[in-house]
Amino acid sequence: MKFYNVGDELETVVVAVTKDCVFLDMNSKSEGICDISEFQDENGKINVVEGDKIKVYFVGFINGEMRFTSKIAGDKADNVMLENAWKNSIPVEGTVEKEIKGGYEIKLGSSRAFCPYSQMGFRSKEKADYYIGRTMTFRITEFKDDGRNILVSNRIIKEEEHNDNIKKLQEKIVEGAVVKGTIISLQEYGAFVDINGFQALLPISEISRSRVTNIEDILHVGQKIEAEVLKTDWKNEKISLSMKSLLDDPWDSVTSNFKAEQKLNGKISRVADFGIFVELTEGINGLIHVSELENAGHNTNIRKLFKVGDTMSVIIKSVDAQNRRISLKTASSNQQDLDTEKYLDQQDDAGIDTYNPFAALLKK
């Protein structure tokens, strides 16, 4: 059996969970034991299960049993244990009693400690009084005068937890992987998505095959989504996602669905100086060059003539699937076609023999 010194850190596996204890795999005939209370939340819910990997610290033999702790708290936090926690970097649990000059007074068992403002929280934007009354985990950074002068840091603990989480996420969140997440905020340029506690960016251009102008029309905070990981930058802790990449690419079947001289109705998706983009179906846009627009001269501001969202009748000039381009020209609307057809039918029904040059022109 391996010999452990008090304070030694061990990463091991939970082999059993009972109402009183958590049993740990010691790679020997004996097992290590932790109190179940260390793994219960404020509602009494146990947050470990058999097979979980956890990090613990050796505190000694009690009644012949190898006892471990994930942190020192409560009646364990006497001066001897606190000094041992300082020497061996064992986490300690304390309660934020009050705000004092430069930071907070922390209660550790029967002892008092000081936590500077700069060592409370990690990347936190909480107000100072947010922490008052909360029970938190700290690392003792100074232990002087037999425990009368103790300095602690919560930030170190949070940084370690964050770094451990990042390492675990790096194994799962790789480029090309499909992940599930929750929308936590919406911005003009995209949405931030929570993935197991990590914030990833879903750019607005990667939400849909169609052009998205108002992100709130598509997504909302709290919405569950599935997306593909486009790019990872773990050095700067940045991840970009795409929902669009999980959708079928309509350009794969564009030559089957769209032909030259085909007449369609579409919606204007974008107006540029050189022409108008018309969405023919989701993810497929064609361009009407400015030279194809009636009443649009060299100095015409076409943004005043055409608006995004307006319906437009067009005729396909050409389809270039390889370069993902469709060239369009304007066409009369379907209503205009119906009106013309109705007019010709009326002329035929009237049986008028007189020559009507306009009708003859339309019949050509």
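For the charge dipole of the chain, defined by +1 on Lys and Arg C-beta atoms and -1 on Asp and Glu C-beta atoms about the Cα centroid, which residue among Ser253, Ile204, Asn236 has the Cα displaced farthest towards the positive pole?
Going by the Cα projections, it comes out as Asn236.
Select one label from [x] 33, 28, 19; [y] 72, 23, 16; [z] 37, 24, 21: the one whose number is semi-axes √(5λ) of the Cα gyration tensor in Å as derived from the coordinates shown.
[y]
Quote to one decimal, in nm, the extra length available between Ser205 and Glu31 on full extension: 0.36 nm per residue of separation minus the C-alpha distance between them.
Working it through step by step, the gained length comes to 57.3 nm.
Determine Rg/Rh for the stretch 9-70; Rg is computed over alpha-carbon atoms and Rh is the Kirkwood hydrodynamic estimate from the same atoms. Display every interim value, and only then the final one.
Numbers: Rg = 10.9 Å, Rh = 11.7 Å.
Reported Rg/Rh, Kirkwood definition of Rh: 0.94.
Towards the positive end of the charge dipole of the chain, with charges on Cβ (+1 Lys, Arg; -1 Asp, Glu), say which of Ile106, Leu264, Asn149 has the farthest Cα.
Looking along the dipole axis, the top candidate is Asn149.
Identify all lysines with a Cα-Cα distance to Lys235 below 19 Å; exclude those on the same chain that are fewer than 8 residues away in sequence.
Lys158, Lys167, Lys168, Lys172
Using unit Cβ charges (K, R positive; D, E negative) and no other charged atoms, how large, in debye to the nearest 20, is the dipole of the stretch 242-305 about its Cα centre?
260 debye
So who's got an amide H within less than 5 Å of the one on Gly60, skipping anything under 5 residues away but keeping other chains? H placed 1.01 Å off N, in plane.
For Gly60, the qualifying residues are Arg67.
Name the residue from Ile54, Cys21, Asn5 whose Cα lies farthest towards the positive end of the charge dipole of the stretch 1-67, charges +1 on Cβ of Lys and Arg and -1 on Cβ of Asp and Glu.
Sorting the options by dipole projection puts first Asn5.
Note the count of lysine pairs whose C-alpha atoms are less than 22 angstrom apart in the stretch 1-109, limited to pairs 8 or more residues apart or on different chains.
Value for the stretch 1-109: 26.
Semi-axes, largest first, in whole Å: what does sqrt of 5 times each Cα gyration tensor eigenvalue give for the stretch 252-298?
22, 12, 9
Might you report the magnitude of the Cβ-based charge dipole of the chain about its Cα centre, with Lys and Arg at +1 and Asp and Glu at -1, to the nearest 20 debye? Please list the in-between numbers first.
Details: 48 positive and 58 negative charges, 171 e Å.
Once rounded to the nearest 20, the dipole reads 820 debye.
Take the alpha carbon atoms of the stretch 272-318, find their center, do the same for the stretch 182-257, and report the distance between the two centers in whole angstrom.
28 Å
Could you put Cys115, Cys34, Cys21 in order, starting from the residue whose Cβ has the fewest other Cβ atoms within 10 Å?
So the residues, fewest neighbours to most, are Cys21, Cys34, Cys115.
Just need log10 I(q)/I(0) for the stretch 175-246 at q = 0.13, 0.24, 0.25, 0.29 Å⁻¹, Debye formula, equal scatterers on the alpha-carbon atoms, no solvent, rounded to two decimals.
Rounded to two decimals, the profile gives -0.31, -1.09, -1.18, -1.53.
Hey, got a sec? Which chymotrypsin sites (Phe, Trp or Tyr not before Pro) in the stretch 120-191 land in a DSSP loop and have at most 16 other Cβ atoms within 10 Å?
Loop-located and lightly packed - Phe122, Tyr189.
HN-Hα J couplings of the stretch 196-212 from phi, Karplus 6.51/-1.76/1.60, θ = phi - 60°, integer Hz, Gly and Pro as x?
Per residue, the Karplus-derived 3J(HN,Hα) values read 6, x, 10, 8, 10, 9, 10, x, 4, 6, 10, 7, 9, 5, 8, 6, 9 Hz.
Within the stretch 258-289, report the trypsin sites (Lys or Arg not before Pro) that DSSP leaves as loop and that have at most 14 other Cβ atoms within 10 Å.
Here the trypsin sites (Lys or Arg not before Pro) that fit, given the DSSP loop and packing criteria, are Lys259.
Counting other Cβ atoms within 10 Å of each Cβ, which GluC sites (Glu not before Pro) in the stretch 5-93 have at most 10 and sit in a DSSP loop? Don't skip to the answer; put the middle values down first.
Details: sites: Glu9, Glu11, Glu31, Glu38, Glu42, Glu50, Glu65, Glu83, Glu93; in loops: Glu42, Glu50.
Those satisfying the criteria are Glu42.
Which cross-chain or sequence-distant (5 or more) residues have an amide H under 5 Å from the amide H of Asp310, H modelled 1.01 Å from N in plane?
Ile268
Along the Cα→Cβ direction, 7 angstrom out, place labels at Lys235 and Trp251. What is the inter-label distance in nm?
3.1 nm
Given the -39500 (n - 2.57) contribution per DSSP H run of 4+ residues, what per-residue ellipticity at 222 nm results for the chain, rounded to the nearest 500 deg cm²/dmol?
Details: 5 runs with 56 residues, N = 364.
The helix-only estimate for the chain comes to -4500 deg cm²/dmol at 222 nm.
Using DSSP, restrict attention to beta bridges with both residues in the chain and report what percent are antiparallel, rounded to the nearest 5.
That works out to approximately 90 percent antiparallel.
Read the figures in this text as sums done on the coordinates, not as results from a lab. All values reported here derive from a predicted model rather than from experimental measurement. All Cβ positions, glycine included, derive from the backbone under ideal geometry; neighbour counts span all protein chains shown.
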